[in-house]
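I have placed the structure first, in the form of structure tokens, so that the comments after it can refer back to it.
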Amino acid sequence: MTEGRIIKLVNFSSITRRQWIALFSAQAGYMLDAMDVLLFVFTVNVLRGEFHLSAAQAGLVSSFTLLFSAAGGIVFGVLSDRIGRARALMWSILIFSIASAGTAMSWNLASLLFWRALIGIGLGAEWSTGAVLVAETWPAEHRAKAVGIMQSGWALGYMLAAGMTALILPRWGWRALFLAGLFPALLALLIRRHVEEPAIWKRDLARGTVRKHALREIFQGRLRRRTILASVLATCVLFAYWGLFTWIPGFLSAPVSRGGAGLTIVQTSGFVVPMQLGAFAGYVAFGWLADKVGRRPAFVCYVLAAAILTPIYGATRDEQTLLLLGPAVGFVGTGFFSLFGAMLSELYPTAVRGAGLGFVYNIGRGGSALAPWTVGYFADHYGIGTSLGLNSAFFALGAVLVLTLPETKQAELE
């Protein structure tokens, strides 16, 4: 590659300060959201002992989070069409921050389910509002790159959760760990002061084109087919993702006799960090690839590779091999999610964009709520490592489903 081509590939000189602020605010929100969600993943074995939970019951807690994320994403997607993307983003951050602190006060399975359900509402809400904010703020030629950077916040949050667990859990216990999840609320104050609403949304607001029945409209005309097919696609790959990554820390820390890798909690955190560095690179690289060759080809490459690596990872017990495979699994097993913020934004008009993204992606999250429980159920019978391989088929199916949607590379938003 010549020097000129390299410069062209990474040239963001046309991007304004306002666009960067919107991007990094959404990325930070998603990072802190991921941190609060994934603290449960890192403490799952501790909480199983505290509340005497089976693997299936522990999976049910994660399933509750995902199920309620569907409601949060849909409601806040519609809300962002009415009150604005930045304002809705601010409220979503407040919700999941308060819910994380509430988790520290849990005393039984029912109370744990309540607070993790509230976390789920914040999770769904944050992605719906943040993805639309970035997609509408950035130009077509860089949209997938920007969404990829925003989506990489999930990997950063995963690593942050791993680091906090290793630092806080052995010293002060799981309640102190979840209480620390309150700090993201400070970001909401910064967003209120510094993040502007996208110009395209303000234009539609001024024209009076904000829809009162946005959810109904995404099932009418040409949008109906897009909504249904995209929802099936999101459900499929989100099932694969949550079925795999909810249980990876549990797989690494579970004893070999239960199908795990037999690592300590500190070792587990150390193994997860390289995996999430791979995920970070996967998110960002997907954005560049999708802007270069198209959304669909990039997605197919990622999910097919994930389908191949997933059963291999679940069958591995050698520590060095697991450490080497981790970044590759993170790269292809999560990076493809950068597709949704870009492609879905390009499939819906501004007046119903929040409703469209919020419904499709979070119906997928709701549908995938069965994944942690399903893997947990099979883990009780066949071991965690073997159960992880079940997700491979859902990754492979995603490669077929994405071809049913139109290619939207560099499409201008309506």
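The values are calculated or read from the model by the stated rules, or taken from the named source; none is laboratory data. Being a predicted model, the structure only gives us computed values, none of them experimental. Cβ atoms come from the backbone with ideal geometry, glycine included; neighbour counts cover every protein chain shown.
Can you confirm whether ALA396 is within 24 Å of TRP154 (Cα to Cα), crowded, with 24+ Cβ neighbours inside 10 Å and either at pLDDT below 85 or more than 18 Å from the chain's Cα centre (by Cα) (or both)? When the stated conditions are applied, ALA396 does not pass them.
The set of residues in segment 201-219 that are modelled with pLDDT of 70 or more and either basic (Lys, Arg) or within 28 Å of the chain's Cα centre (by Cα) (or both) comprises TRP201, LYS202, ARG203, ARG207, ALA214, LEU215, ARG216, GLU217, ILE218, PHE219. Of the residues LEU182, LEU156, LEU160, the single one that is under 30 Å from GLN267 (Cα atoms) and in contact with a Phe, Trp or Tyr (Cβ under 8 Å, 6 or more places away or on another chain) is LEU156.
The condition of being surrounded by fewer than 24 Cβ atoms within 10 Å (Cβ to Cβ), out of contact with any His (no Cβ under 9 Å at 6 or more places or on another chain) and within 22 Å of VAL75 (Cα to Cα) does not hold for LEU323. Just one of (1) touching an Asp or Glu at 6+ places or on another chain (Cβ under 6 Å); (2) buried (at least 24 other Cβ atoms within 10 Å of the Cβ) fails for GLY84. It is (2). Listed by position, the helices (runs of 4 or more DSSP H) enclosed by segment 79-156 that each have at least 3 residues that are of a type in the set (Ser, Thr, Tyr) and over 16 Å from the mean Cα position of the chain (by Cα) are 85-103.
Within segment 289-310, residues that are touching a residue at least 40 places away in the same chain (Cβ under 8 Å) and surrounded by 17 or more Cβ atoms within 10 Å (Cβ to Cβ) sit with their Cβ atoms under 7 Å from residues that are polar (S, T, N, Q) and not in a loop (DSSP other than H, G, I, E, B), at 6+ positions apart or across chains, in these pairs: ALA290/SER338; ALA307/SER392; THR310/ASN391; THR310/SER392.
For the structure I just gave you, tell me whether LEU215 is touching a Leu at 6+ places or on another chain (Cβ under 7 Å) and part of a helix (DSSP H, G or I). No, not satisfied. Annotation: LEU53 fulfils all but one of (1) outside any helix (DSSP H, G or I); (2) at pLDDT 85 or above; the unmet one is (2).
Would you confirm, using the coordinates I've provided, whether SER62 is within 29 Å of LEU189 (Cβ to Cβ), touching a residue at least 60 places away in the same chain (Cβ under 8 Å) and buried (at least 19 other Cβ atoms within 10 Å of the Cβ)?
On the way: within 29 Å of LEU189 (Cβ to Cβ): no; touching a residue at least 60 places away in the same chain (Cβ under 8 Å): yes; buried (at least 19 other Cβ atoms within 10 Å of the Cβ): yes.
It is false that SER62 is within 29 Å of LEU189 (Cβ to Cβ), touching a residue at least 60 places away in the same chain (Cβ under 8 Å) and buried (at least 19 other Cβ atoms within 10 Å of the Cβ).
Do the conditions hold for PHE340, that is, is it over 14 Å from LEU244 (Cα atoms) and in a helix (DSSP H, G or I)? Criteria met by PHE340. Answer yes or no as to whether ARG365 is crowded, with 24+ Cβ neighbours inside 10 Å, under 15 Å from the mean Cα position of the chain (by Cα) and among the basic types (Lys, Arg). Judged against the criteria, ARG365 is a match.
Restricting attention to segment 65-77, the residues being surrounded by fewer than 24 Cβ atoms within 10 Å (Cβ to Cβ) and not small (Gly, Ala, Ser) number 2.
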